[in-house]
Amino acid sequence: MIDENDLKGLVKECPVAEGLFQQHGCHDVMTAFNIANHLHMHGFLKESAVFYQEAIDYRKDDPEGHPREEILLQVKLLCLVKAGAELEDSDLNRLQVLSEPLYHYIVGVQQHRQGNLSIIETLQKIGYTYEQFHTGEEIDTIYLRLIYEGLSKGNFPNKIRKTEIPRNLFFFWDRNMPDDVRQNIEHHQQFKNYNVEVFDQDRAIEWLYKYYGKEAKTIFLKSRHPAEAADILRVHVINLYGGFWVDADLKITSEELLEKYIPRNYDNVLLLTDGYFVHNDFFAATANNIILKDCLLSIYRNCYEYGGLFISYKTGPGVFMRAINRAYFRCMDGAVKEMPSLKLMDQKMFDKITEQYPVAYKQGGTWTST
């Protein structure tokens, strides 16, 4: 254990972590873990590694508790890798004893950063270790970034389809649509070559039951927030019909830009944030393709088994990230012969095509108008 004054010095540049430390100190696994997570989130990587180690030390008093030692150790080592620090052999050896897959994940990322492994070699070394984590956690962003770089460098074949993504635009607003959201949708209804469909809550419930059954209706009705409900609906709709999903507060700048920059001759066109999360507020896909079907699998699993997850992990970008990662792993492992038909585009393209519509609820209101 590290002296409390020394720990206090490590959090002084991160207000959230400092506040947690002042309020709770650092005397148990979860407090150390929470402080470490905030330091990690704000880029204090070496400092966060120290607090993850504190959590590991406290975990020895309760070895069966959660998060487990191997989870704490791997995230400590990942922080050190990202900070460019050397890893202790004792830590690596301990991780290998606790979890061989997590060991290969950390060593793979380290060796790739050091230039000792190619993109394909790194992905193969990581394997399917992402399955030990919730959808959308950091391992998914790391894996997806490697896929994106591999596609950019031509490491993966990418099949262009003859059948194009249909010109459908789908929107959702649960009830009592405010005027500013309606104006945004009316803007898209002026697109000459696109069919625009709008779902409200009642239509969504009936549609999900009619085309996907009781389970789909149930998870939709149990959603904790309209954004989660929209997440559930969007994958079901595009999976059945194909087309473009657009969040109701997102504006496609013009039909001309959409046609010019977003190709429709792939099964999936997905845009990434700078942090390598998938934008599920605007995406395009053909009906019934492998990535959307895998997104549905994760949505149902998360809704039934992990109802309290953050929305972005449970039903949002995380399920898309996991679906992409699984699709490429299957091909690299030889289970599937044909690589996905996928176009990945960056945040700059997202900003070129779309803009946030200045709806009132984002200026201090709520998601719905009552």
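Every number in this text was worked out from the coordinates using simple rules, so none of it is lab data. Here the structure is a predicted model, which is why all the values come from computation and not from measurement. Note that we place each Cβ from the backbone using ideal geometry, even for glycine, and neighbour counts take in every protein chain shown.
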What net charge do the residues around GLN74 carry, taking every other residue with its C-beta under 15 Å from that of GLN74, with Lys and Arg at +1 and Asp and Glu at -1? -3
Work through the residues other than ASN34 whose Cβ is under 13 Å from its Cβ and net out their charges, Lys, Arg +1 and Asp, Glu -1. -3
What are the lysines whose alpha-carbon lies under 30 Å from the alpha-carbon of LYS46, with same-chain residues fewer than 8 places away excluded? LYS8, LYS12, LYS60, LYS76, LYS82, LYS125, LYS314
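Return a whole-number percent for the relative contact order of the range 100-141, with Cα pairs under 8 Å and 6 or more residues apart as the contact set. Intermediate values should be presented prior to the final figure.
Numbers: 26 pairs, mean separation 16.3, N = 42.
39 percent.
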Integer Hz, Karplus 6.51/-1.76/1.60 couplings in order for the range 132-141, x for Gly and Pro: 7, 10, 5, 4, x, 6, 4, 4, 5, 5
Can you show me the helix-derived [θ] at 222 nm for the chain, built from DSSP H runs with n ≥ 4 at -39,500 (n - 2.57) apiece and divided by the number of residues, rounded to the nearest 500. -17000 deg cm²/dmol
Based on the Cβ-Cβ distance from ASP61 to GLN111, what FRET efficiency comes out when R0 is 25 Å, to the nearest 0.05? 0.15
If I stretch the segment between TYR304 and GLU164 completely, what's the gain in nm (0.36 nm per residue apart, minus their alpha carbon distance), one decimal? 47.0 nm
Just one of [x] 66, 49, 39; [y] 77, 55, 44; [z] 62, 42, 36 is Cα extents along the principal axes in Å calculated from these coordinates, so which is it? [x]
Stretch LYS348-ASN195 to full length: gain in nm at 0.36 nm per residue minus the Cα-Cα span? 52.5 nm
Checking rank on 97-109, 237-249, with mean other Cβ inside 10 Å and highest first, the result is 237-249, 97-109
0 to 90° range, to nearest 10: angle between helix 29-41 axis and the chain longest Cα axis: 60 degrees
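Restricting the count to DSSP beta bridges whose residues both fall in the chain, what percent are antiparallel, rounded to a multiple of 5?
Details: 10 of 21 bridges.
Antiparallel bridges make up about 50 percent of those DSSP assigns within the chain.
Give me the net charge of GLU54's neighbourhood, meaning all other residues with Cβ under 12 Å from the Cβ of GLU54; Lys, Arg count +1, Asp, Glu -1.
Numbers: positive: ARG59, LYS60, LYS76; negative: ASP3, GLU4, ASP6, ASP28, GLU47, ASP57.
Net local charge, GLU54 excluded: -3.
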Rounded to the nearest 0.05, FRET efficiency between LEU92 and LYS153 (Cβ-Cβ, R0 35 Å) equals 0.75
If the elastic network links every pair of Cα atoms under 10 Å, which of ASN168, ASN193, ASN325 fluctuates the most in the Gaussian network model of the chain? ASN193
Rounded tilt (10° steps) of 100-113 against the dominant C-alpha axis of the chain: 80 degrees
HN-Hα couplings for the range 274-288 via Karplus (6.51, -1.76, 1.60; θ = phi - 60°), in whole Hz with x for Gly/Pro, come out as 4, x, 6, 9, 7, 6, 9, 7, 8, 7, 9, 6, 6, 6, 6
How high is the relative contact order of the chain, in percent, with contacts defined as C-alpha pairs under 8 Å that are six or more residues apart? 16 percent
Angle, helix 201-212 long axis vs. longest principal axis of the chain, Cα atoms, 0 to 90°, nearest 10? 80 degrees
For the range 126-143 and the range 11-51, what is the centre-to-centre distance using only Cα atoms, to the nearest Å? 23 Å
